[in-house]
Every structure is written in structure tokens, then in C-alpha cells.
Amino acid sequence: MAELADINARIDGLGEYCKKALAPQVAAVDLAHKVDSSVLKKTLLHFGPVAGVGWLLMQMGQAQAHPGMIKSAVIVVGLIAITISGIFILKELVKVLGQYSKRAAAMRKLAGEIKQLLVRFLDPSFTLEPYCAFPTKVYDSAGLFPSSYDRSNAQDRFVGTLGKTRFEAMKIATYRKVESKDSKGNTRTTYVPVFTGVLFQAEFNKNFASHTTVRTDSSEKFLGGLARTAQRLTSALSKKTLVELENPIFEAAFQVHSTNAIEARYILTPSFMERILALKQKRGAGIQIAFQNSTVIVGIPNSPENYERPFDLTNLDASAEGLMTELFEVLALVDELDLNNRLAKAS
Amino acid sequence: MSIEAMVIFGVVALAFGLMYNSLISKKNEIENAVGGVHSFLKKRADLIPSLVATVKQYAAHETKLLTDLTAARTAVQAQPKDGDLQQSDTMVSQMLGRVIAVAEAYPDLKANQNFLSLQASLNEIEGQLSAARRTYNAAVVRYNTAVESLPTNMIASMLGYQRKSVFEVSSAEAQNPDVAKLFGQTGT
């Protein structure tokens, strides 16, 4: 079973691995799908002037003062010259565009394969599925996102076991539909991001059956006790209880709701609250955590550019390093949440 | 009665009703939390016979300790629901702590699968019990705040509600355990 220290050691050998195992594959695909535009260039060289002459003839014909057979003939010859040149040039252009399209598809496929090889380089048991995600009901039922959403995109499902903990992670972007009318009365639909970042799901190191959410709370920072009173009132109207914990720093930073207050405190021990605070410090404000059915789900927001960034094969080393950093940050969560500590988990 | 007087009366009655309900809700929260503590104390006590049977196989000399543990369990089970939770909890916690400490001296017992499984179950229950105590304490603090703060303290005194005590660590538990003395007490 993989351990974090072993993985850290393997990352040191990443440069060598890229150079010896991956760069040759990129070079081979690059060579196999090289775009040959020499025929297009020759066609443009030969038929470009012909099209130019045809255009001139058409201009001359139109400039003729008196209509007649000569004028019409000149225009027709010009048109034929332009048409024939156009056909030949277009034919070669379509071929070259087709080559570019095949090259792009081959590079995209290779990028996906290389990402999987890099993941297996970390540990042979890890997998990365670029176009897969875990089921939407997992994060819908977790109640992680600050508001409801209308559309979601997910990718790069990363699965493995670190120590005793089985985990899954993926990138996700959720959006809320916003409709507005402009001055002419036309409806414009835009999609506003609700959450963009990484979702991490793992088996928790304790058994429990309830549902608890730990969400970032910025209202208490500004409104203090008023915010707390408002939270109590709104919680009274929902199925989940507001759970007030003993750590004042944790209380100011997060709002905890649960279907079972005892299990919420069972999960959120004083030491675990400290871990969550350290996680917030390290990963930034905006982290959301849900605990349900002995599973923990963590949402770590990051920028939309991070979500959309493609794996650039032309800069393999930097792309590989970027991917390793992202994967290592996911793996580090297992340690940061102490998920491998199973002392309190009966089988 | 004039309309203004009716409105004032209505507002006062509403405020009274809300405060009364709030006090009742806090009182019930404590009862709920007590129920939670009881259920985990019972769950823990139910493990004791299996623990005693397993330890006896390897540590037959520890008769007094095991007898004391069984007696502590019986005392817990005989406690009524509104009895002294703190006392029940402390008694069994101390006995279990001693048994686990004693097991360190018996490598065969430590390696026994049944003992390991029981130890894991006990760890789990201790965690749940700790959470139940914290929930009880939180409920008591909220209740005490309502009983002592204006304006709910007026309704509380009308209903005869008084402060309740939270779970406290006894002075014996607060001291660092003397492991050598612990082994000496058990005759090993």
C-alpha cells in the first residue's frame, strides 16, 4: 500500500522519468502527425497568381465602357480562373486542416495517456480517468455547495488507496443559471460559477450514520453574536441542528450543522477541529466539508483557470510538475485529516 | 380594553410564550443528551463480560481486578436514568483503564484477536461517550445561560428551574496516572 513519504520520494525522480519514458512518446506522436503544408504552399504559389489574374480580368471587364461580347468574355474568363484556383487551394487547405485536426486529437489522446502514466508513476495502484467523475448524487447529497446549481462539469477522477484509506478526487465546476433582459427585451442567459475546485472523498476513520456539514462562515466575523442568533433561528426551521462547539476560533470560521449533534461532536473532536483550522490556513478560505455514512467529502475551491488548464505536451516538464503538485495536494489531505489513524474505528 | 392595550398584551403574551418554549426546549435538550450518555454507558458496560472472559484466559491472577470491574458494571446497570451519571461514568472508566494497563504485561493477551477487537470497540465507544458528554455539557451551558439571563430568568424562577452541573473531570482523573503504582495495585 502506498504511503505519502514513498510518493514524495518518487516525485524526486519525475524529471528523469519524463525525459526517459515520456518525452520519446511525445516526440513519436509529434513526428507521426507532423502537418505537411508544403503542397498547400506550392498550390498557393501556382494558383494564387492565376486567381489574381482572374480577378484583374474581371475588374478590366467591368471597367469596359461599352457592353458587348468582349466584356462578357473577359469577365467569364476571369471568373473561371478564380473558381479553378479557388477549388485547388481550398482542396489543399481542407487537407491541411484535416491534418491539424488529427494531430490535435492524437495529442489530446496522448495527453490523457501521459497523465495516466504519471499517476501510475506515483503508485501503480493509482488511476486517473480524465473524462470521468463520481456520481452527482454523492456531492448533491453532501450539501457542500453554498447554493444550488444548474449545471456541472467534472473531470480527472483520481482514485487510489493511501495507507489504509481509500480515496477518490476530481475537479469540478458548478454553475448557476442567471437570466437577464437587456434594454430591447431580449433574454440573456449567463452561467455564474458556484463552486470551482477539487472534490475529495474518502473513508473516514470513524463509523457514523448521520450527516454533518462544516461550511465556511464569514458572517460571524462581521456580525458576531447577531450572526450566531440568526443561524440558530434558521437552523430551527431545517432538519439539521446547528452544532455549537467549544473552540471559539473554529466557531468563528465555520458553521456546523448535523442530523445528530452527538455524532457531530464525535467526529469534530478538539484535535480534529485544529486539523480543519490548519487545513483552512493552508488551502485558503472557502473549504467545505461534509461527513456522511462514515465518509468525508472535502471541497477545496480554486480558480476557474486551474480547472480549464489543459495538459500542454509542448512543455512536458512543467505540465508534469503541475499535475504532480495537484495530485500530491490531494494525497496530503489523507495525512492532514489523519484518516489513516484507525484507533477509534471498530471493524 | 383599548386596541393599544390589546396589542401590548398580545406582544407580552407572545414574548412570554416564546421564552417559555425556549426554556422547555433547552430542558428537553438536556434530557435528550442524558439519554445519549446513558446509551453509550450501557453500550460500554455490555462489552465488559466479553472483556472479563478474554482477560481471564490469560491473566487468571487478576481476579480482584476483574471482580471489581464486574461489580462496577452491575452498579452502572442498577443506576436509574436520573441517577449520578458522572459517578457511573468515572467508576467504569477507571476500572477499564486499569484492565487495559494490566493487559500490557501479558503479550499473549495483547496479541489475542478478540482482545484487540474489544479494545477497538472500547476506543470507539469512549470516543462516542466523550462526544455525548460534550453534547450534554453544551446543552447544560445553554440551559444555565437561559436560567440566569434576563428576561428568561424570571420565567425560570417561576417554573422552579435551577442551574445544572456539567460533567467535570474528577481531581483523581485530572492527575497524570502513575503506571507503576497501577501495576502495583493489581498485584503484578
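The values are calculated or read from the model by the stated rules, or taken from the named source; none is laboratory data. Keep in mind that what you see is a predicted model, and the values were worked out from it rather than measured. Positions of Cβ are generated from backbone atoms using ideal geometry, with glycine treated the same way; all protein chains shown enter the neighbour counts.
Identify the residue in the range B:45-57 that is free of Cβ contacts under 8 Å to residues at least 60 places away in the same chain and surrounded by fewer than 17 Cβ atoms within 10 Å (Cβ to Cβ) and, among all such residues, is nearest to residue B:128 (Cα to Cα).
Taking the range B:45-57 as the starting set, the residues that turn out to be free of Cβ contacts under 8 Å to residues at least 60 places away in the same chain are B:45-46, B:48-49, B:52-53, B:56-57.
Applying the additional criterion that residues be surrounded by fewer than 17 Cβ atoms within 10 Å (Cβ to Cβ) yields B:46, B:49, B:53, B:56-57.
Numbers: B:46: 15, B:49: 20, B:53: 24, B:56: 27, B:57: 29 Å.
Out of the qualifying residues, it is B:46.
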Qualifying residue in the range A:138-147 (condition: touching a Lys or Arg at 6+ places or on another chain (Cβ under 9 Å) and without any contact (Cβ under 8 Å) to a residue 60 or more places away in the chain): yes
Qualifying residue in the range B:99-113 (condition: within 25 Å of the chain's Cα centre (by Cα) and within 14 Å of chain A (Cβ to nearest Cβ)): yes
Among the candidates A:59, A:99, A:25, residue that is within 25 Å of residue A:128 (Cα to Cα) and of a type in the set (S, T, N, Q): A:25
Condition check for residue A:128: modelled with pLDDT under 85, touching a strand residue (DSSP E or B) at 6+ places or on another chain (Cβ under 6 Å) and among the aliphatic types (A, V, I, L, M): no
Check on residue B:139, within 14 Å of chain A (Cβ to nearest Cβ), under 30 Å from residue B:48 (Cα atoms) and either under 17 Å from the mean Cα position of the chain (by Cα) or not in a helix (DSSP H, G or I) (or both): yes
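Can you give me the number of residues within the range A:210-224 that are within 12 Å of chain B (Cβ to nearest Cβ) and modelled with pLDDT under 90?
Kept after step one, since they are within 12 Å of chain B (Cβ to nearest Cβ), are these residues of the range A:210-224: A:210, A:212.
Right, trim to modelled with pLDDT under 90 and you get none.
Residues meeting the conditions: 0.
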Single condition residue A:133 does not satisfy, out of (1) exposed (fewer than 15 other Cβ atoms within 10 Å of the Cβ); (2) free of Cβ contacts under 8 Å to residues at least 40 places away in the same chain: (1)
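Filter the range A:78-92 down to the residues that are aliphatic (A, V, I, L, M) and surrounded by 15 or more Cβ atoms within 10 Å (Cβ to Cβ) and list them by number. Before you say what the answer is, go through the steps one by one.
Step one: of the range A:78-92, the residues aliphatic (A, V, I, L, M) are A:79-82, A:84, A:87, A:89-90.
Within the range A:78-92, A:79, A:81, A:82, A:89 qualify.
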Residue in the range B:34-46 that is under 27 Å from residue A:208 (Cα atoms) and not in a helix (DSSP H, G or I) present: no
Sole exception among (1) surrounded by fewer than 18 Cβ atoms within 10 Å (Cβ to Cβ); (2) within 14 Å of chain A (Cβ to nearest Cβ) for residue B:42, by number: (2)
Lone unmet requirement of (1) within 24 Å of residue B:120 (Cα to Cα); (2) surrounded by fewer than 16 Cβ atoms within 10 Å (Cβ to Cβ); (3) away from chain A (no Cβ under 14 Å) for residue B:96: (2)
Test: residue in the range B:125-133 that is over 18 Å from residue B:69 (Cβ atoms), touching a His at 6+ places or on another chain (Cβ under 9 Å) and crowded, with 19+ Cβ neighbours inside 10 Å: yes
